[in-house]
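First the structure, in the form of structure tokens, and then the observations on it.
The values are calculated or read from the model by the stated rules, or taken from the named source; none is laboratory data. In this text the structure is predicted, and so the values were computed from the model without any measurement. No Cβ is skipped: glycine too gets one built from the backbone with ideal geometry, and neighbour counts run over all protein chains shown. Note: accessible area is taken over every heavy atom of the protein model, side chains too, but ligands, DNA and RNA are not part of it. Shrake-Rupley method; radii C 1.70, N 1.55, O 1.52, S 1.80 Å.
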Amino acid sequence: MQTLKTLTLWLLTASLATASAQSGTVTIATASDAPTLDPNLTFSGNAFGITNQIYDSLLYRDDDGIKTRLATSWKRVTPTTWRLELRKNVKFHDGTPFNAAAVKFSFERLIDPASKAPGAYVLNIIKTIRIIDADTIEITTSEPFAPLLAHLTHPVTAIVSPTSARKFGKDFGRNPVGTGPFEFDRWNTGNQIQLNVNKTYWGGKVNIDKLVFRVIPDVATQIVELRTGRVDLITSVPPENLNDLENNPKLAVYKKLGWGSTFLGFNTRNGITKNVKVRQAIAQAIDRDSIVKILRQGLAVKATAPVPPTVYGAGKDLNPRPYNVEGARKLLREAGVKDGTKISLVTYESAENRQLAEAIQFSLSQIGLTASVQILDYSAYTTAIQKPNHAELFISGWGTVTLDADYALYALFHSREIPVNNNALYRNVKVDKLLLDARRSNNQADRLKLYQSAQEQIDQDLPLLALYYPLSSYAKSTRLQGEVWRYSWINLDLSNATLK
């Protein structure tokens, strides 16, 4: 009897899912639930993929540059002051007018130390925010900061309703209100989040009635649900399933170079990796071409710089560091490292990181190094990696969400960022100055030269080895048309999408 009830319930759920798919609902599979739907107080991709449907930022980044959204124009008044004109006649989902006061409120709650916002650093360069009039805001930074506009495209800077944020307080993340194409409806924790169309969206008519984000931790289950039509889109394609999904006539697979980098980092302060020759040897021992071809099965591009070429200021013509086992062994001998020397490697839990750790462990064994691998949950990893005596090697990644090199290079390599983001504990006075000069310069040609010089020096010092740039990929039902995928699923734009 219990089995019959379970089967009946499953069939009812499946039929409802299919019915909803036919009535203007788009269902997206996510690997885990969002921690909150408050964009200013999170730094989670699982959250941003949903909050970007509910809220708008002042600006956004497209393939050909920075575009207007809730702001309609901008002007740099002085080296430290920017004036932005705001879109008129826009309202939040709760009826509150969007205006300069809402922008000031959102930015100040983001950077307020009392908020303890993990993404505060995106805008903590801001010194003052002044309301000129209802439709004009003036932002002054503590020092010249050329990437400010790029930072205003970051989803953490989305504009929230001051009325609802004050009303709900710490519960605003469960009662989100923005100006975006979809508005919050309900949240079944650990199961799904549902959004409904914003019928008065300032950007025009939205053709999708409902958006459902279903939490499906198991990738294999996501793929089954996609094939059977109970899910319309999965936000990442496992390499081992790529060919199968591409050959399904009811599905479409898209892959594109995004903003991410996957790298092997070195502890430059402790252990044998203090020696640059050891770092160079390890870099030569790793066959990055095989990692891209075999492990990632083509869903990645071999890295040539710390950030991919989609990012403004990405380095060019740096040392390619070809795979050379004998050359690596020679460098280790020169560094006085004996066969059988132990070395530690740490990373955080994911199938991709496990594969990488095993591949690197094997590569190290080929040059006489015995690697002990530790795989931690992400929270434990972030704690461990900020200690000065952390593992000699670490596998991690970085997404340059603003698509401006400052966002990655300053965080990963400037000494001010030790130990929070600069986990290599890397210090170089020349690099520090180059990165500061680049973020302060208003001359774009000069900025590019400064970033190139900084990356050339970083490449010599080798605090990390960029392994590959993952391709941003997704698979969808062909009934979904017109979606725009900007570099990552967190920027998925469904405002002009339609259903067949």
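Under 8 Å between Cβ atoms, at least 6 apart or on separate chains: pull out the pairs that start in region 451-472 with a residue that is within 17 Å of residue 267 (Cα to Cα) and open to solvent by 20 Å² or more (accessible area, probe 1.4 Å) and end on any residue that is of a type in the set (Ser, Thr, Tyr) and at pLDDT 95 or above.
Between residues of region 451-472 that are within 17 Å of residue 267 (Cα to Cα) and open to solvent by 20 Å² or more (accessible area, probe 1.4 Å) and residues that are of a type in the set (Ser, Thr, Tyr) and at pLDDT 95 or above, the close pairs are 461/268; 461/426.
Within region 219-233, identify whether any single residue is within 23 Å of the chain's Cα centre (by Cα) and open to solvent by 70 Å² or more (accessible area, probe 1.4 Å), and answer yes or no.
No, region 219-233 contains no residue that is within 23 Å of the chain's Cα centre (by Cα) and open to solvent by 70 Å² or more (accessible area, probe 1.4 Å).
Show the residue pairs meeting these rules: Cβ distance below 9 Å; 6+ apart or different chains; first residue within region 269-291 and on the phi < 0 side of the Ramachandran plot; second residue hydroxyl-bearing (Ser, Thr, Tyr) and open to solvent by 40 Å² or more (accessible area, probe 1.4 Å).
Note: pairs meeting the criteria are 284/323; 285/323; 286/323; 287/323; 288/323; 289/323; 290/323.
Output yes when any residue across region 363-373 is outside any strand (DSSP E or B) and among the hydroxyl-bearing types (Ser, Thr, Tyr), and no when none is.
yes
Restricting to region 278-307, name every residue that is in a helix (DSSP H, G or I), surrounded by fewer than 18 Cβ atoms within 10 Å (Cβ to Cβ) and not hydroxyl-bearing (Ser, Thr, Tyr).
289, 293, 294, 295
When you check residue 72 against the structure, is it polar (S, T, N, Q) and surrounded by 15 or more Cβ atoms within 10 Å (Cβ to Cβ), yes or no?
no
Limited to region 75-92, what total is found for residues that are among the β-branched types (Val, Ile, Thr), part of a loop (DSSP other than H, G, I, E, B) and open to solvent by 50 Å² or more (accessible area, probe 1.4 Å)?
0
Could you list all residues from region 93-115 that are of a type in the set (D, E, K, R) and either touching a residue at least 60 places away in the same chain (Cβ under 8 Å) or assigned to a helix (DSSP H, G or I) (or both)?
Matches in region 93-115: 94, 104, 108, 109.
Could you count how many residues in region 243-274 are open to solvent by 10 Å² or more (accessible area, probe 1.4 Å), part of a helix (DSSP H, G or I) and farther than 24 Å from residue 481 by Cα?
Here the count works out to 2.
Could you list, in sequence order, all residues of region 50-74 that are touching an Asp or Glu at 6+ places or on another chain (Cβ under 6 Å) and in a strand (DSSP E or B)?
72, 73 - these are the residues of region 50-74 that are touching an Asp or Glu at 6+ places or on another chain (Cβ under 6 Å) and in a strand (DSSP E or B).
How many of the residues in region 151-179 are touching a His at 6+ places or on another chain (Cβ under 8 Å) and in a loop (DSSP other than H, G, I, E, B)?
Within region 151-179, residues that are touching a His at 6+ places or on another chain (Cβ under 8 Å) and in a loop (DSSP other than H, G, I, E, B) number 4.
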